[in-house]
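The values are calculated or read from the model by the stated rules, or taken from the named source; none is laboratory data. All values reported here derive from a predicted model rather than from experimental measurement. Cβ atoms come from the backbone with ideal geometry, glycine included; neighbour counts cover every protein chain shown.
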Amino acid sequence: MTTLLPRPALLLLRRLMHYAILAICALAVIYPLVYTAFASFMTPDESAQYPPKLLPSHLYLGSFRTVLDLVPLQTFVLNSFVISAAVMLGQIITASMAAYAFVYVSFRGRAFWFAVFIATMMIPWEVTVIPNYLTVKAWGWLDTYQGMIVPFLASGFGVFLLRQFFLQLPRELHEAAKIDGCGHVRHFTGIVLPLSRPALASLGVYAFLNAWNMYLWPLLVTNSDTMRTVQIGISMLQFQEVTVWNLVLAGVTLVLLPSMLLLALGLKQLVGGLTAGAVKG
Amino acid sequence: MNTTEAELAVKRVNARTRGTRRSLAVIGKETAAGYLFMAPSLVLFAVFLFYPLAKSVYLSMYLTDPRGRVAMFVGLDNFISLFRADAFWNSLLVTLKFTAFTVPTGLLAALLLAALTFGRLRGMRAFRFIFSLPVALSVSTSSVIWSMLYHPTTGTLNYFLSKLGIAPVQWLTDPAWALVSVSIMTIWMNSGFSYIVLLSGLQGIADDIFDSARIDGAGPFRSFVQILVPLVSPTLFFLCVISVMSAFQSFGQMNILTKGGPAGSTEVFVYSIYKEAFINYQFGTGSALALVLFAFILLLTLLQFRLGERKVHYH
């Protein structure tokens, strides 16, 4: 090829192919989402047609209204939001505290406890799900916020992520704080936390999305419509007697909007942030 | 030489003992501080992770009544009856197949996408956003969307196939296709996360490595295989471990799309646990199953570390 084509032409050709491949991949990745968005703007008649219509004829908003009347989607979203926000805050607090201990406090057994914390990441959640269900049930926490929040407030992954970040902070700051007679609490809240905002944000986005997307646990511990989370509510839509497609997809669209927004805002934090400490030992 | 070294050693010992005496109080204070800072996480782990793990072991040796109370000690009978049941081997096989379908394909796809969008070409930001999109999706929303796409008559996938002149596929109701369909949906759903992690990994690699490769006349294929893959191998290894774990733990997509069917062809491990514990209310055998799952994940992870670490190229 190099002999047949001059170099600039070859580069141009290569670039064109590059974009063509990218476009095809992008179409494949985004198609299910575009389809969902389009279908939620279709009228019931349009969505039932065969061959299936790919584009709505006009922006019909009735499906959104109907789906909001049919299922208490607002309640689901609110529940999910309360739970995810609480889990996010809780994980940031517990994980940053523990990570602080592992980096800045020199105490006996530190290495041992760190190994224990790392080992928690190896225990699959499913192994503990049966006893946890029994615990939560015994405490009368079924169908409550605390039943869906408290078991998730600690995170071994979070501790690991933040520890790696704290280790990268300049050591001199710690020495200076020590000389100034700054205690651990003041050092932690006044210096380490403010400096770690990027890492805390990464953990926050990650924890929030994970809590927002939880499926098995809320399925087990909720049974009333007032406590359902979005994820359970959405999959219930599918089994309602009215399985009108565009209604279901209108619901999905509504539910997807907040997470898409969060992704658009937090993508930069996620790229880089998540792997800052996780990849290289 | 000898004297100076000995003197130094004496000095060092002296310094150490003096230091110890002075800092005994400090050490006590530090230890207290350390445990106080760890306490919130430690208490939560104890209640919701270590205690349940021990309780799982305990439950796995008992028969339980539907309310979760222990009824009778049976020792290892739960495990023995598990290993004798065809359902157990079926769900193990399904899980392994599911892992084999989703992990290598998913990683390769994400790696390709990351390699294509990592440079500084025009418009890459938009492509990066599109390829990251699936990370914001949950199991349940993805499954609901794909249940529509897979619908045998009104789903658009079969419509596109018919346009290409291919006979419609019974995506979710044909035992030969169901696991494949669930896998396709899972690859799509997980691609966002793998993509983001790989893109981050790639951004840690200096651009000039690729520039010099290009000047040396390395084509896109050669620089992908010989430069990019080895450089990104630590990230790839990390993702491989994580993906195998998550494949072994998948549940939501099977529960929503196929309910483990048709004919058990998509009944993965966690679905069996769910069925045993929360549909049949057999917490004892359910716990036994969960422990077997734990053992498998542990084994696979250790195996990956033994085999993989050697091939990974840390720079």
TODO: Would you list the helices (runs of 4 or more DSSP H) that sit entirely within segment B:121-205 and hold 1 or more residues that are at the interface with another protein chain (Cβ under 7 Å from one of its Cβ atoms), more than 19 Å from A:Ser47 (Cβ to Cβ) and not aromatic (Phe, Trp, Tyr)?
DONE: B:124-132, B:139-149, B:178-203
Task: Filter result for the condition that a residue is in the same structural domain as B:Thr186 (by TED's automatic domain parsing) and either surrounded by 13 or more Cβ atoms within 10 Å (Cβ to Cβ) or not in a loop (DSSP other than H, G, I, E, B) (or both), over B:Ala71, B:Ala114 - done: B:Ala114
- [ ] Quick one: A:Val71 ticks every box in (1) modelled with pLDDT of 85 or more; (2) under 25 Å from the mean Cα position of the chain (by Cα) except a single one, so which number is it?
- [x] (1)
Open item on the list: Suppose the filter is buried (at least 16 other Cβ atoms within 10 Å of the Cβ) and more than 23 Å from the chain's Cα centre (by Cα); does A:Leu200 pass it?
Closed with: no
TODO: Restrict the check to segment B:38-49 and report whether at least one residue is outside the structural domain of B:Ile187 (by TED's automatic domain parsing), outside any helix (DSSP H, G or I) and on the phi < 0 side of the Ramachandran plot.
DONE: no
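Taking A:Leu173 as the residue in question, decide whether it is touching a Pro at 6+ places or on another chain (Cβ under 8 Å), in the same structural domain as A:Phe76 (by TED's automatic domain parsing) and more than 16 Å from A:Leu216 (Cα to Cα).
Numbers: touching a Pro at 6+ places or on another chain (Cβ under 8 Å): no; in the same structural domain as A:Phe76 (by TED's automatic domain parsing): yes; more than 16 Å from A:Leu216 (Cα to Cα): yes.
For A:Leu173, the condition - touching a Pro at 6+ places or on another chain (Cβ under 8 Å), in the same structural domain as A:Phe76 (by TED's automatic domain parsing) and more than 16 Å from A:Leu216 (Cα to Cα) - is not met.
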Open item on the list: Residues that are at the interface with chain A (Cβ under 10 Å from one of its Cβ atoms), in contact (Cβ under 8 Å) with a residue 12 or more places away in the chain and over 30 Å from B:Ala115 (Cα atoms): does segment B:231-250 have at least one?
Closed with: no
Task: Number of the condition not met by B:Thr156 [criteria: (1) in the same structural domain as B:Phe251 (by TED's automatic domain parsing); (2) loosely packed, with under 13 Cβ neighbours inside 10 Å] - done: (2)
- [ ] Pull up segment B:251-294, narrow it to residues that are among the β-branched types (Val, Ile, Thr) and under 16 Å from B:Ser143 (Cβ atoms), then point me to the one that is farthest from the other protein chains (Cβ to nearest Cβ).
- [x] B:Thr266
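Within the group A:Ala264, A:Ala250, which residue is farther than 18 Å from A:Arg163 by Cβ, modelled with pLDDT of 70 or more and surrounded by 17 or more Cβ atoms within 10 Å (Cβ to Cβ)?
Exactly one residue qualifies, and that residue is A:Ala250.
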TODO: Go through A:Leu89, A:Leu134, A:Leu78 for me and flag whichever is modelled with pLDDT of 90 or more, out of contact with any helix residue (DSSP H, G or I) (no Cβ under 6 Å at 6 or more places or on another chain), under 20 Å from A:Leu193 (Cβ atoms) and part of a helix (DSSP H, G or I).
DONE: A:Leu89
- [ ] Identify all residues within segment A:137-189 that are among the hydroxyl-bearing types (Ser, Thr, Tyr), away from chain B (no Cβ under 11 Å) and either closer than 22 Å to A:Ala211 by Cα or buried (at least 20 other Cβ atoms within 10 Å of the Cβ) (or both); write none if there are none.
- [x] A:Thr144, A:Tyr145
Open item on the list: Within segment A:23-66, take every residue that is more than 13 Å from chain B (Cβ to nearest Cβ) and not in a helix (DSSP H, G or I) and give me the one that is surrounded by the fewest Cβ atoms within 10 Å (Cβ to Cβ).
Closed with: A:Leu59
Task: Selection within segment B:21-56 - within 30 Å of B:Phe83 (Cβ to Cβ) and either surrounded by 13 or more Cβ atoms within 10 Å (Cβ to Cβ) or over 27 Å from the mean Cα position of the chain (by Cα) (or both) - done: B:Phe48, B:Leu49, B:Phe50, B:Tyr51, B:Pro52, B:Leu53, B:Lys55, B:Ser56
Task: Of residues in segment B:217-254 being closer than 25 Å to B:Ser265 by Cα and not hydrophobic (A, V, I, L, M, F, W, C), the one surrounded by the most Cβ atoms within 10 Å (Cβ to Cβ) - done: B:Gln253
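Yes or no, residue by residue, for (1) more than 9 Å from chain B (Cβ to nearest Cβ); (2) under 18 Å from A:Gly156 (Cα atoms):
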{"residue": "A:Asn79", "(1), (2)": "yes, no"}
{"residue": "A:Met88", "(1), (2)": "yes, yes"}
{"residue": "A:Ile93", "(1), (2)": "no, yes"}
{"residue": "A:Ala98", "(1), (2)": "no, yes"}
{"residue": "A:Phe102", "(1), (2)": "no, yes"}
{"residue": "A:Ala115", "(1), (2)": "yes, yes"}
{"residue": "A:Trp125", "(1), (2)": "no, yes"}
{"residue": "A:Thr135", "(1), (2)": "no, no"}
Open item on the list: Out of A:Ala20, A:Ala98, I need the residue that is in contact with a helix residue (DSSP H, G or I) (Cβ under 9 Å, 6 or more places away or on another chain) and not in a loop (DSSP other than H, G, I, E, B). Which one?
Closed with: A:Ala98
- [ ] Could you list, in sequence order, all residues of segment B:256-308 that are part of a helix (DSSP H, G or I) and charged (D, E, K, R)?
- [x] B:Lys275, B:Glu276, B:Arg306
